[in-house]
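K.L.:
Next up is a structure, given as structure tokens.
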Amino acid sequence: MSAKPRFWKALTPFTRRLTIFALLNGVALQLALMLVFLTPWQLTIFGELRDFVTAEQGEDSWGPMNRALAYVLDDPDRPVYDEIFFEQQRKFQYPPMTLLPLRALRPATSPDGFTLLGLLNAISWLSVLVTVAFTKMLFDLGVERSGMDRDHPPSTGERIARGVVVVFLALTFYPMIKAYTQGQIQAWINALFAVALWLWATGRPRAAGALVGGASLIKPQYGPVFLAWGALRRRWGFTTALAAIALLGTTASLALFGLADHVNYVDVLRFISERGESYYPNHSVNGLMNRLLFNGDNLGWKGRLFPPFHPWVYTLTLASSAVFILVGLMGRTSSREKGGVVDFCVIAVTSTLASPVAWEHHYGILLPIFAYFLPGLWVERSPGRRTLSWVVLAYVLCSNFFAASTALAPIPVANVGQSYLFFGALMVWLALLALRGRDSKGVPSPKG
């Protein structure tokens, strides 16, 4: 018998099946998308990985942010959003606080040295590595707490095999890697969240709160939802750390850019909440409804246009956001899970699902959540097996880009199939709610 079959048989059933799943999802499915659905390889995870390895990224965030920074540094009288967002109709949709790191990096640039775009690229590339590393650490923590290896400690080969498979799964998780290749500041948020989740799971709530506070300076909807959650769960260390970082960043931004730009940003948020985005990578209730009602351009990115206001889209977007947030904050929570890791993940996913615009790269936060909970779902027999199958299906929907779904765009009702990632994330949210609501063995809740 060769060494290879002996090594394979020596692995635990969990590691073997995880390896098979990783190859099916990350290789076989991509080949099927190319051969059966004629998806260009550049649009599969293969293309995204090529761009990551060669450090090629777009300017989806960096272009609008650079223009906005140049504008505010010229010290104009007109607020930046009135000029760039409303007058020039360029989609600079980020709060003024996001310009702070760009402003801080500018002195490190020079015509003969690093460019600002190059520095941002490097930080984003490192952010991917941080996300992958902490995803692996969360997976190991999940294995430890599931008791999977308690009776039979894994061999060195087993540990290496699991590590390689988890890293492979992370690098083939489309939303996470897409954030980098598109030149999106979401790559930073994904890294911040992965570290924050690990800190929360290991009983460091203040540090977790500080990182979530940093993320909320980039993505404002995180702040109020996480603050409300922290207060309701009486996690004061987390809540005060989040508030302190958010206040510190906002104060610095006010000092550098002035009050007018911050007040002006409220107009942007109101405008976006009233319209959202119809373009198919928007995986939210708003995107689904805009496409279902053929309100706006489904297949083409309009850098200067939004879909027209539609009362039904607006009403259902507001209603769904309210439902997500109320259930996330007030839904059934067992005494054991209250303020625990499951609860923390519920509110994180809630913050994304409740947004009127949730691009595919925004769901990169799901990767470390999958990694942490998968071992425990494998170990449990009932209802864990049912939940495991549900979560595996959700992973397939969330980790891939199904370009062929754009063929559904002109078909009434059927075009809801373009929202496959939204439905996958919704499945994750529902699974987490189920886990949060039942009294069973779980991870001790951190205090703070």
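K.L.:
For segment 306-330: of the residues being under 22 Å from the mean Cα position of the chain (by Cα) and exposed (fewer than 13 other Cβ atoms within 10 Å of the Cβ), which is nearest to Phe422 (Cα to Cα)?
P.N.:
Filtering first and then ranking leaves Ala322.
K.L.:
Tell me, which residue of segment 176-191 that is assigned to a helix (DSSP H, G or I) and over 11 Å from the mean Cα position of the chain (by Cα) is surrounded by the fewest Cβ atoms within 10 Å (Cβ to Cβ)?
P.N.:
Thr181
K.L.:
Okay, moving on. Hey, among Val128, Val164, which residue is within 19 Å of the chain's Cα centre (by Cα), within 23 Å of Leu23 (Cβ to Cβ) and either surrounded by 23 or more Cβ atoms within 10 Å (Cβ to Cβ) or modelled with pLDDT of 95 or more (or both)?
P.N.:
Step by step, each of Val128, Val164 is checked, and only Val128 is within 19 Å of the chain's Cα centre (by Cα), within 23 Å of Leu23 (Cβ to Cβ) and either surrounded by 23 or more Cβ atoms within 10 Å (Cβ to Cβ) or modelled with pLDDT of 95 or more (or both).
K.L.:
Just checking, does segment 101-109 include any residue being at pLDDT below 90, within 23 Å of Ser127 (Cβ to Cβ) and among the β-branched types (Val, Ile, Thr)?
P.N.:
Checked segment 101-109: at least one residue is at pLDDT below 90, within 23 Å of Ser127 (Cβ to Cβ) and among the β-branched types (Val, Ile, Thr).
K.L.:
Between Ala394, Ala348, which is assigned to a helix (DSSP H, G or I) and either at pLDDT below 95 or surrounded by fewer than 24 Cβ atoms within 10 Å (Cβ to Cβ) (or both)?
P.N.:
Of Ala394, Ala348, the one residue that is assigned to a helix (DSSP H, G or I) and either at pLDDT below 95 or surrounded by fewer than 24 Cβ atoms within 10 Å (Cβ to Cβ) (or both) is Ala394.
K.L.:
Okay, moving on. Output the qualifying pairs, or none if there are none: Cβ atoms under 7 angstrom, residues six or more apart or on different chains, first residue in segment 116-133 and at positive phi and acidic (Asp, Glu), second residue surrounded by fewer than 16 Cβ atoms within 10 Å (Cβ to Cβ) and part of a helix (DSSP H, G or I).
P.N.:
If the second residue must be surrounded by fewer than 16 Cβ atoms within 10 Å (Cβ to Cβ) and part of a helix (DSSP H, G or I), no pairs are left.
K.L.:
Here's a follow-up. Can you pull out the residues in segment 370-424 that are under 22 Å from Trp198 (Cβ atoms) and touching a Leu at 6+ places or on another chain (Cβ under 7 Å)?
P.N.:
Passing the criteria: Ala371, Tyr372, Leu377, Trp378, Val391, Cys398.
K.L.:
Still on this structure: Name the helices (runs of 4 or more DSSP H) wholly within segment 73-175 that hold at least 2 residues that are out of contact with any Lys or Arg (no Cβ under 9 Å at 6 or more places or on another chain) and closer than 22 Å to Leu211 by Cβ?
P.N.:
99-105, 116-146
K.L.:
Return the pair list, or none, for Cβ contacts closer than 8 Å from residues in segment 397-424 that are part of a helix (DSSP H, G or I) to residues that are aromatic (Phe, Trp, Tyr) and surrounded by fewer than 14 Cβ atoms within 10 Å (Cβ to Cβ), at least 6 apart or on different chains.
P.N.:
Qualifying pairs under 8 Å: Ala403/Phe37; Ala404/Phe37.
K.L.:
Here's another thing I want to ask about it. Would you check if Met148 is in contact (Cβ under 8 Å) with a residue 40 or more places away in the chain and over 25 Å from Phe52 (Cβ atoms)? So that I can check it myself, show each step before the final result.
P.N.:
On the way: in contact (Cβ under 8 Å) with a residue 40 or more places away in the chain: yes; over 25 Å from Phe52 (Cβ atoms): yes.
For Met148, the condition - in contact (Cβ under 8 Å) with a residue 40 or more places away in the chain and over 25 Å from Phe52 (Cβ atoms) - is met.
K.L.:
Same structure, new question: Return the total of residues in segment 1-29 being within 30 Å of Leu408 (Cα to Cα) and in contact (Cβ under 8 Å) with a residue 60 or more places away in the chain.
P.N.:
So the answer is 5.
K.L.:
Of the conditions (1) under 30 Å from Phe306 (Cβ atoms); (2) assigned to a loop (DSSP other than H, G, I, E, B), Gln42 fails just one. Which one is it?
P.N.:
Going through the list (1) under 30 Å from Phe306 (Cβ atoms); (2) assigned to a loop (DSSP other than H, G, I, E, B), Gln42 breaks only (2).
K.L.:
Next question, about the same structure. Determine, yes or no, whether Val53 is under 30 Å from Pro154 (Cα atoms) and either surrounded by fewer than 12 Cβ atoms within 10 Å (Cβ to Cβ) or β-branched (Val, Ile, Thr) (or both).
P.N.:
no
K.L.:
For Gly58, work out the one condition from (1) of a type outside the set (A, V, I, L, M); (2) at pLDDT below 95; (3) buried (at least 20 other Cβ atoms within 10 Å of the Cβ) it doesn't fulfil.
P.N.:
(3)
K.L.:
OK, next. If you scan segment 27-52, which residues turn out to be in contact with a helix residue (DSSP H, G or I) (Cβ under 7 Å, 6 or more places away or on another chain) and over 22 Å from Thr406 (Cβ atoms)?
P.N.:
Phe52
K.L.:
Consider Ser334 against the criteria (1) at pLDDT below 95; (2) part of a helix (DSSP H, G or I); (3) under 30 Å from Leu141 (Cβ atoms); (4) of a type in the set (S, T, N, Q): it satisfies all of them except one. Which criterion is unmet?
P.N.:
(2) is the only condition that Ser334 fails.
K.L.:
Of all the residues that make up segment 282-323, how many are farther than 24 Å from Leu408 by Cβ, of a type outside the set (A, V, I, L, M) and without any contact (Cβ under 8 Å) to a residue 40 or more places away in the chain?
P.N.:
So the answer is 4.
K.L.:
Before we move on, is Ala70 assigned to a helix (DSSP H, G or I), modelled with pLDDT under 95 and of a type in the set (Gly, Ala, Ser)?
P.N.:
Details: assigned to a helix (DSSP H, G or I): yes; modelled with pLDDT under 95: yes; of a type in the set (Gly, Ala, Ser): yes.
So Ala70 fits the description; yes.
K.L.:
Hey, another quick one. Being more than 16 Å from the chain's Cα centre (by Cα) and in a helix (DSSP H, G or I) is the filter here; which residues of segment 351-381 pass it?
P.N.:
Phe373, Leu374, Pro375, Gly376, Leu377, Trp378, Val379
K.L.:
Now a separate question. Can you name the residue in segment 67-104 that is surrounded by fewer than 16 Cβ atoms within 10 Å (Cβ to Cβ) and aliphatic (A, V, I, L, M) and is also nearest to His362 (Cα to Cα) among such residues?
P.N.:
Going through the qualifying residues, I end up with Ala104.
K.L.:
Which one of these does Val357 not meet: (1) aliphatic (A, V, I, L, M); (2) surrounded by fewer than 17 Cβ atoms within 10 Å (Cβ to Cβ); (3) in contact with a helix residue (DSSP H, G or I) (Cβ under 7 Å, 6 or more places away or on another chain); (4) closer than 26 Å to Ser61 by Cβ?
P.N.:
(2)
The values are calculated or read from the model by the stated rules, or taken from the named source; none is laboratory data. All of these numbers come straight from a predicted model, not from anything done at the bench. All Cβ positions, even for glycine, are placed from backbone atoms using ideal geometry, and neighbour counts span all protein chains on display.
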